[in-house]
Amino acid sequence: MEAWRRALDQSVRAFPIEKAGPAHIATLKTFDPPLTALDGRRLAGAERRGKRLLFPTEDGELVLLVHLMTAGRLRYLTAGEKGPKSPAFRLRFEGGAELVLTEAGSKKRAGVWLLTPEAAEDELAHLGPEALGLGADSLGEILGSESRRLHSLLRDQRAIAGIGRAWANEILHHAKLSPYALSRDLTSEEVARLAEAIDAELARGLELRERGAGDKRVYRVHRKLGEPCYVCGTPIARVDYEEHTVYYCPECQTGGRVLKDRRLSKLLK
């Protein structure tokens, strides 16, 4: 999300908005103010809070909030550049440039909200502190607040904002911690290691994304089932859930133990 924010920041403020919309009925989450309220206004740039992108208007009266979820993609098309015929959301600028949201698959989960600044603040109030730069002390407080499995806690935006399922896999591998280790059981050394891994992996991902790298190059563990671990060479394993998949190295993270898919058998502790 931060790479997207940086890439879009200057572009979206270059021209006033000519027309906002249309938007897919499942994508637009608000109706008041209407999208037409954006017409003729200029955006002040792109901001980010956790995994959400925010585009405030220059006059400070409105905020366009976009949550891409898993399959959403946001593209800025220059004037004359060919884009999708029926995107989930379209923002046309004077001069012909467009900001378009597309979403792969049949499930439309990405969302667009048009809010007042006060409503946007309320919409984001449940988010935890930003992941990048969190530090060991703050992370330790979060981990100690309740006993939860690490992979689940890292993905919980209420606890820590900005880490998705893919980066939870990358971070826990870097930290050499089991996805199912309990947060309250971590030693101070393991907490420090996890804090360092969060910063290192998110910074690595941001640098690669800004260079234009795709998922295959960016991810070293996520979606690498059966491929050799880049550290020890052990085949990467996974545990499937209905909504997400955990990827890990049995040698680096679980002491050689294979974690069982809970839909098929009991988890190994």
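The values are calculated or read from the model by the stated rules, or taken from the named source; none is laboratory data. Here the structure is a predicted model, which means the values were calculated and not measured. Every residue, glycine as well, gets a Cβ built from its backbone with ideal geometry; the counts of neighbours run over all protein chains shown. These accessible areas exclude ligands, DNA and RNA; they are computed on the full protein's heavy atoms, side chains included. Shrake-Rupley method; radii C 1.70, N 1.55, O 1.52, S 1.80 Å.
Yes/no matrix, rows are residues, columns are (1) assigned to a loop (DSSP other than H, G, I, E, B); (2) open to solvent by less than 60 Å² (accessible area, probe 1.4 Å); (3) of a type outside the set (Asp, Glu):
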residue	(1), (2), (3)
199	no, yes, no
226	yes, yes, yes
243	yes, no, no
247	no, yes, yes
Being without any contact (Cβ under 8 Å) to a residue 24 or more places away in the chain and assigned to a loop (DSSP other than H, G, I, E, B), is that true of even one residue in region 177-189?
yes
Would you be able to tell me the number of residues in region 132-166 that are open to solvent by less than 40 Å² (accessible area, probe 1.4 Å), within 21 Å of the chain's Cα centre (by Cα) and not polar (S, T, N, Q)?
17
Residue among 88, 110, 37, 23 that is surrounded by fewer than 16 Cβ atoms within 10 Å (Cβ to Cβ), among the hydrophobic types (A, V, I, L, M, F, W, C) and at negative phi:
37
Right, residue 74: among the hydrophobic types (A, V, I, L, M, F, W, C), farther than 19 Å from residue 1 by Cα and out of contact with any Cys (no Cβ under 8 Å at 6 or more places or on another chain) or not?
no
Can you report the number of residues in region 85-112 which are in a loop (DSSP other than H, G, I, E, B) and at pLDDT 90 or above?
7
Residues of region 231-262 being of a type in the set (Ser, Thr, Tyr), farther than 15 Å from residue 219 by Cβ and touching a helix residue (DSSP H, G or I) at 6+ places or on another chain (Cβ under 9 Å), in sequence order, are 234
Out of 209, 204, which single residue is in contact (Cβ under 8 Å) with a residue 24 or more places away in the chain and out of contact with any Asp or Glu (no Cβ under 6 Å at 6 or more places or on another chain)?
209
Of 127, 101, 115, which residue is touching a residue at least 24 places away in the same chain (Cβ under 8 Å), among the aliphatic types (A, V, I, L, M), over 19 Å from residue 4 (Cα atoms) and out of contact with any Asp or Glu (no Cβ under 8 Å at 6 or more places or on another chain)?
127
Can you go through 219, 247 and tell me which one is touching a Leu at 6+ places or on another chain (Cβ under 9 Å) and in contact (Cβ under 8 Å) with a residue 40 or more places away in the chain?
247
Filtering region 40-51 down to residues that are under 19 Å from residue 100 (Cβ atoms) and either open to solvent by less than 30 Å² (accessible area, probe 1.4 Å) or β-branched (Val, Ile, Thr) (or both) yields 43, 45, 46
Provide a single number: the residues in region 114-156 that are closer than 18 Å to residue 47 by Cβ and either among the aliphatic types (A, V, I, L, M) or not in a loop (DSSP other than H, G, I, E, B) (or both).
15
Single unsatisfied condition, residue 172 versus (1) touching a Pro at 6+ places or on another chain (Cβ under 8 Å); (2) open to solvent by 50 Å² or more (accessible area, probe 1.4 Å)
(2)
Tell me the residue from 205, 164, 214 that is touching a helix residue (DSSP H, G or I) at 6+ places or on another chain (Cβ under 8 Å), modelled with pLDDT under 95 and not aliphatic (A, V, I, L, M), please.
164
Which of the residues belonging to region 201-224 are surrounded by fewer than 16 Cβ atoms within 10 Å (Cβ to Cβ), outside any loop (DSSP other than H, G, I, E, B) and of a type in the set (Gly, Ala, Ser)?
203
